[in-house]
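Here's the structure, in C-alpha cells; my notes come after.
Derivation of every value follows stated rules applied to the coordinates shown; laboratory data play no part. The model shown is predicted, which means the values in this text are computed figures rather than measured ones. Backbone-built Cβ (ideal geometry, glycine too); neighbour counts: all protein chains shown.
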Amino acid sequence: MSVAIETSRLEGIPLDAWRSYLQSHAAIVRELDAELVAAHGMTTRDYEVLLYLAQADNMKLPMSALSERTMLTRSGITRLVDGLVDCGMIERVSCDSDARVSYAKLTADGYEKLRQAGCTHVKSIERLFLAHFTAAEVEQLSSLLSRLPGARLEVACSVS
C-alpha cells in the first residue's frame with residue numbers, strides 16, 4: 001500500500017516523514033564523517049570505497065563499478081581515489097586485457113585502516129541510528145527502507 005498524493009503539495013504526515021528522513025540522514029552522515037575524520041583521517045565516502053574494495057574479489061574493482069556503487073560521477077570517483085592513492089590506502093591497477101579499464105585495488109595498509117575505522121563506524125551507527133529503535137522497529141525499518149531506490153541490503157558496513 002502506498003500513500004497517494006492528490007495535489008502538488010506535500011503536507012502533513014507525508015511531509016513530516018520526508019523532512020525527518022532528509023534531516024536525520026544529513027545529521028547522521030555529518031556526525032559519522034566528523035567521527036571518522038577525527039579518529040582515522042577519513043570520510044564516510046573514503047570508508048565506503050575501502051569497504052567496497054575489501055568485499056570485492058581480489059580486493060579490486062573497476063573504476064566504473066566504484067562510480068556506480070558510490071553514485072559519484074567519474075570525475076568525482078577519480079578525485080576520491082586519487083586521494084586514497086596518495087594516502088597509500090589503495091593503488092591503481094591496469095587491466096591486462098583492456099587498456100581502457102582501470103582498477104582500484106585495496107592495499108594492505110588500506111585494509112588495516114578500514115578494519116580499525118570499522119570499530120568506530122559501527123559504534124557510531126549503533127549510537128546515532130540503532131539506539132533510537134527497538135529490535136522489532138529496526139526489522140520493520142529494514143523492510144521499509146529496502147523498497148527505496150538504491151537500497152542494497154547485501155552490503156556489510158565493516159570487515160572482520
Completion exercise
Taking a crude spin-label model, label points 7 Å out from Cα along the C-beta direction, the D86 to E11 distance in nm is 5.0 nm
Practice task
Under a cut-off of 18 Å between alpha-carbon atoms, report the lysines in cross-link reach of K105, not counting same-chain residues fewer than 8 places apart.
Solution key: K60, K113
Exercise for the section: Convert each backbone phi in segment 24-32 into a coupling constant with the Karplus relation 6.51 cos²θ - 1.76 cosθ + 1.60 (shift: θ = phi - 60°), then list the ³J(HN,Hα) values in order as whole Hz, x for Gly and Pro. Expected result: 5, 4, 4, 5, 5, 4, 4, 5, 4
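Charges at C-beta only: +1 for Lys and Arg, -1 for Asp and Glu. How large is the resulting dipole of segment 13-131 about its Cα centre, in Debye rounded to 20?
Using only the charged Cβ atoms, the result is roughly 160 debye.
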Fill in the blank from the handout: To the nearest 10 degrees, the tilt of helix 135-145 (Cα long axis) against the first principal axis of the alpha carbons of the chain is 80 degrees
Practice task
Among [x] 9.2; [y] 12.1; [z] 10.7, find the value of mean projected area of the Cα convex hull in nm² that was calculated from the structure presented, and write down its label.
Solution key: [y]
Completion exercise
For the pair R30 and D98, the simple spin-label estimate (label points 7 Å beyond Cα toward Cβ) gives in nm 4.1 nm
Exercise for the section: Only residues of segment 88-106 count here: report those whose backbone N is under 20 Å from the spot 7 Å along Cα→Cβ of N58, or say none. Expected result: 89-106
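Using Cα pairs closer than 8 Å and at least 6 residues apart in sequence, work out the relative contact order for the chain, in percent. Walk me through the intermediate numbers first.
On the way: 135 pairs, mean separation 34.2, N = 160.
Relative contact order of the chain: 21 percent.
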Exercise for the section: Give the residue from T134, S24, L53 lying farthest towards the positive end of the charge dipole for the chain; charges sit on Cβ (+1 for Lys and Arg, -1 for Asp and Glu) and the dipole is referred to the Cα centre. Expected result: L53
Completion exercise
Computed over the chain: longest principal axis from alpha-carbon atoms vs helix 44-54 long axis, angle to nearest 10 degrees, is 60 degrees
Handout entry: Share antiparallel - DSSP beta bridges, the chain, percent rounded to 5
Key = 100 percent
Fill in the blank from the handout: So, with points 7 Å from each Cα along the Cβ direction, the E126-L144 label distance in nm works out to 2.4 nm
Problem - Nonlocal amide H pairs with C87, under 5 Å, H built at 1.01 Å - result: none
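Taking a ≥ b ≥ c as the square roots of the Cα gyration tensor eigenvalues, with a/c under 1.5 meaning rounded and otherwise prolate when a/b beats b/c, else oblate, which class fits segment 90-160?
oblate
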